[in-house]
Amino acid sequence: MAIRKKPNWKAPRIGAAELALLETLSNASGVSGNEAAIRRIVQEEINGLADDVVVDAVGNLLVTKKGRGQNLPRVMLAAHMDEVGFMITGDDGDGIFRIETVGGVDERTLAGKPVWVGEKRQPGVIGAKPVHLTTASERSSALTLDALRIDLGPASAKKARVGDWATFATEFTRVGPSLRGKALDDRLGVTTLITLLKHAPANIDLLAAFTVQEEIGLRGARVAGYAMKPDIAIALDCTPAMDLPRWDGSENTQYRSKLDGGPAIYVADGSTLADPRLVTHLQAVGDAYGIPYQLRQPGSGGTDAGAIHKTRDGVPSISVSVPARYLHTPAAIARLDDWKNSLALLHAALTHIDRDLLKGAR
Amino acid sequence: MLETKDLLKQMIQVSGLSGHEAPIREVIEPAWKPLTDEMHTSRLGSLHARKHGSGPAPRPSIAIVTHMDAIGLIVKQIDSEGLLHVDQIGGLDPRVLPSQMVMVHTQGGDLPGLLVMPPAHCLPEEDASGAPQLKHLRVDTGLRPTAARRQVRVGDLISFASKPVELDGDLLAGHSLDNRASVAVLTEALRLLGRRKHAWDVWAVATAQEEETLFGATTSGYALRPTLAVVIDVTFAKSPSAPAHRTYDQNKGPTLDWGPNTHPKFHREMEKLAKRLEIPVQEAVYSKSSGTDAILLQVTVEGIPTVVVGIPLRYMHTPVEVVNTKDIERASRLLAEFVSALDETFMDKIRLDKTDEN
């Protein structure tokens, strides 16, 4: 059945409050395995909104917001709370610490950055040998974890310990039409999900999962999917926009997604094949509502959908991501318009979900 | 010192790349104004401020020389996506550049930017996974292509935008502490000299272009003809992966640098005074070049007796340089004491054609 735009439909707004929430979330520290600070912010934000709020055995925050009516489709939306970062793994003394990365951080982006260490966010830096003392051959090999240390200063030698987590100390900023921050992946998704909870459509039971440990193997979503027993699942995430010009001017055919292209609808990635009925549904809604979207180029990578679709006897799943450049580095860049369009597409798509959507064979 | 520390934090939040020092000069000028008697800017952009001594005119003078310029980048090209290709100003290791926050200084105002390494598939295969190279790095301003191309021009300067971070134990981290930590030393020394008598004139000099040409120091030396000169610059502090024999401790005082750019007797006098006053100092040696303004200042006009004082700095030429403000304090005290002890006998004491009596 063709989708017609509902005349009274209005997209939830992204205004000052939503941007402030994104800023708070992006600046907060929540490396995989240590999502508590993020969970606290989300819990406070959704206080009083939901029918049921549970923190499960691994730290997922599972929120149920029922629609109006019986036997409504159970639609799970998942956004991961965790971000990539570091763990302190060695103490060299005098405030100098060894680190390992958590999640897929490019080690080449570590040198020369300020960091926050531990629960109290002790400030420190990752330095590098002065260029004057390096040789040309040294400079031709990348700086890897072997050579890099977090320096808190000798006076703070006891203020961090092995096992503490650390993040890049990047402050969220708006730059022109863009958003810049350390953890847009996936605090954009988290903020989108909070906003959808605040504007939940009445035609579905909305199952909001704020998940843990996505960056180290989609681990939180696996149990969240099992617990929530959804009919449909959508992962709200960030996807790499690798849309920069190539060095020789030849066409960039492996861009994955593009900034200003709108929300990226997944067809296939490294962890799942999206349910074609959901791909069609999202496209049809985008077309009917005049909301720009793009199809993410199939390729590697994965989202919480990759874990959820395999839970119980299988869950038709898909991902919708905000495209962002430079993910898994100290600072990513996304366009505000792409975020707005992602929220609009998701909200409109939810209002058109009914039991008939999955009637046909996959 | 609190006032000087605040000034230092302010100084490491402004640009002022080599050859384009106006933004930093405009911060130093008002700080030096109440501490000195006259001030002017040289034709190359160095700042000269004189504090008069109490001796009879014509008075000898001592110049305390600190370069104020900083390292950074410059726009070389703007591509179809509005991303900026860059070249460097001053010495940089490209491996510390990916994901740095920068400020692009355009004619229409400042634009925050992000230095980035393009994804692997956008680079030639042989460069995709190794050390980041300057030719491949880009600045993303977050603007759409047309807006970026409209606002940014080739030749626009790019400075680091990392904010000052205070670490426990009197440490301050940030960019351009090379050499604004030394400008802070000089400023604090002027403050101390305001409370004590000194016979000689003092020229406070903030030089231009040290990181590229050293021409600020030599032209200021020519213009001011000081009787003596002290160059203050940062030196390498001990830090992970830096060789121990070429680095010095933090929080153990400034270094007094020994080598060909240094006047040997002037150096020894400074050392003796530090010992007498129980101000901790470390002896640093360099075999050929001090790597500072002293290189050219020493051989300006008929030659200027020069010494080099170093402030140990970790991670030099990265945006997270770290200095211990206690070392700044100690260096400024040593300088102020040295200046106020200068009398009519000093030049005779350091004559190279006289054999040491002791």
- Among the lysines, which have Cα under 20 Å from the Cα of B:K135 when same-chain residues fewer than 8 positions away are ignored? B:K76
- Treating only the Cβ atoms of Lys and Arg (+1) and Asp and Glu (-1) as charged, compute the dipole magnitude of the stretch A:63-113 about its Cα centre; round to the nearest 20 debye. 840 debye
- ³J(HN,Hα) computed for each position of the stretch A:225-239 - Karplus, 6.51 cos²θ - 1.76 cosθ + 1.60, integer Hz, glycine/proline x: x, 4, 5, 8, 6, x, 7, 9, 10, 10, 8, 9, 9, 10, 10
- Message: Residue by residue through the stretch B:22-27, what is 3J(HN,Hα) from phi via Karplus (6.51 cos²θ - 1.76 cosθ + 1.60, θ = phi - 60°)? Round to whole Hz and write x for glycine and proline.
- Response: 3, x, 7, 4, 5, 8
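For every helix of n ≥ 4 consecutive DSSP H residues, a contribution of -39,500 (n - 2.57) applies; sum these over the protein assembly as shown, divide by its total residues, and give [θ] at 222 nm rounded to the nearest 500 deg cm²/dmol.
On the way: 17 runs with 180 residues, N = 720.
Rounded to the nearest 500, it is -7500 deg cm²/dmol.
Taking a 23 Å limit on the Cα-Cα distance, which of the listed pairs A:K5/A:K258; B:K275/B:K326; B:K197/B:K354; B:K51/B:K197; A:K182/A:K258 fall beyond it?
The answer is A:K5/A:K258; B:K197/B:K354.
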- Message: Taking amide H atoms as placed 1.01 Å from N in the peptide plane, list the residues 5 or more away in sequence, or in a different chain, whose amide H sits under 5 Å from that of B:G19.
- Response: B:Q209
- Query: With each pseudo-label sitting 7 Å past Cα toward Cβ, what's the B:Y222-A:K10 distance in nm, one decimal?
  - Reply: 7.1 nm
- Provide the per-residue ³J(HN,Hα) series for the stretch A:80-86, in order, calculated from phi with Karplus coefficients 6.51, -1.76, 1.60 and θ = phi - 60°, each as a whole number of Hz, with x at glycine and proline positions. 8, 7, 7, 9, 6, x, 9
- To the nearest 0.05, what FRET efficiency results for B:R276 and A:Q283 with a Förster distance of 56 Å applied to their C-beta separation? 0.10
- Task: Evaluate the charge dipole of the stretch A:23-153 about its Cα centre and quote only its size in Debye, nearest 20, assuming +1 on the Cβ of each Lys and Arg and -1 on the Cβ of each Asp and Glu.
- Result: 380 debye
- With unit charges on the beta carbon (Lys/Arg positive, Asp/Glu negative), name the residue among B:H136, B:A161, B:L114 whose Cα is farthest towards the positive pole of the charge dipole of chain B. B:A161
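Can you give the local net charge around B:I311? Use residues other than it whose beta-carbon is closer than 15 angstrom to its beta-carbon, Lys and Arg +1, Asp and Glu -1.
Numbers: positive: B:K5, B:R180, B:K238, B:K252, B:R314, B:K326, B:R330, B:R333; negative: B:D170, B:D178, B:E188, B:E210, B:D233, B:D249, B:D257, B:E283, B:D293, B:E321, B:D327, B:E329.
Overall, the nearby charge balance is -4.
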- Query: Using a Gaussian network for chain B with springs between C-alpha atoms less than 10 Å apart, which of these wobbles most: B:V205, B:V116, B:V185?
  - Reply: B:V116
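Quote the FRET efficiency, to the nearest 0.05, computed for B:R351 versus B:Q10 with a Förster distance R0 of 41 Å and r equal to the Cβ-Cβ distance. Mind showing how you got there, number by number?
Values: r = 42 Å, r/R0 = 1.03.
Efficiency, from the Cβ-Cβ distance: 0.45.
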- Using DSSP, restrict attention to beta bridges with both residues in the protein assembly as shown and report what percent are antiparallel, rounded to the nearest 5. 65 percent
- Item | Sequence-distant lysines (8 or more away, or on other chains) whose Cα lies within less than 27 Å of A:K229 | A:K65, A:K66, A:K198, A:K310, A:K359
- Message: Compute the distance from the alpha-carbon center of the stretch B:176-197 to that of the stretch A:147-184, in whole Å.
- Response: 32 Å
- Between B:D168 and A:A202, what is the label-to-label distance in nm when each label sits 7 Å out along the Cα-to-Cβ direction? 5.6 nm
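Sort A:K129, B:K51 so that the residue with the fewest other Cβ atoms within 10 Å of its own Cβ comes first and the one with the most comes last. List each step's numbers first, then the result.
On the way: A:K129 27, B:K51 21.
Fewest-to-most Cβ neighbours within 10 Å comes out as B:K51, A:K129.
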- Query: How do B:H20, B:H67 line up, fewest other C-beta atoms within 10 Å first?
  - Reply: B:H20, B:H67
- Query: Hey, fewest Cβ within 10 Å first, where do B:C122, A:C238 land in order?
  - Reply: B:C122, A:C238
- Message: Just want the answer: with Cβ charges of +1 for Lys and Arg and -1 for Asp and Glu, which residue in A:I99, B:H105, A:H352 is farthest toward the dipole's positive end in the protein assembly as shown?
- Response: A:H352
- Query: Could you give the dipole magnitude of the protein assembly as shown about its Cα centre, charging the beta-carbon of Lys and Arg +1 and that of Asp and Glu -1, in debye to the nearest 20?
  - Reply: 1460 debye
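Counting pairs of alpha carbon atoms under 8 Å apart in space and at least six apart in sequence, what relative contact order in percent does chain A give? Mind dumping the intermediate values first?
On the way: 849 pairs, mean separation 82.6, N = 362.
Taking the mean separation of contacting Cα pairs over the length of chain A, I get 23 percent.
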- Item | Using a Förster distance of 35 Å, the FRET efficiency for B:E125-B:R150 (Cβ separation, nearest 0.05) | 0.55
- Rel. contact order, % - alpha carbon contacts under 8 angstrom, at least six apart, the stretch B:74-160: 43 percent
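With contacts defined as alpha carbon pairs under 8 Å and 6 or more residues apart, what's the relative contact order of the stretch A:85-168 in percent?
Details: 157 pairs, mean separation 38.6, N = 84.
46 percent.
Any read-out appearing in this document is the output of simple, stated calculations on the displayed coordinates, not a laboratory observation. In this text, all values refer to a predicted model and were calculated from it rather than measured experimentally. Quick reminder, even Gly has a Cβ in these numbers, built from the backbone with ideal geometry, and neighbours come from all protein chains shown.
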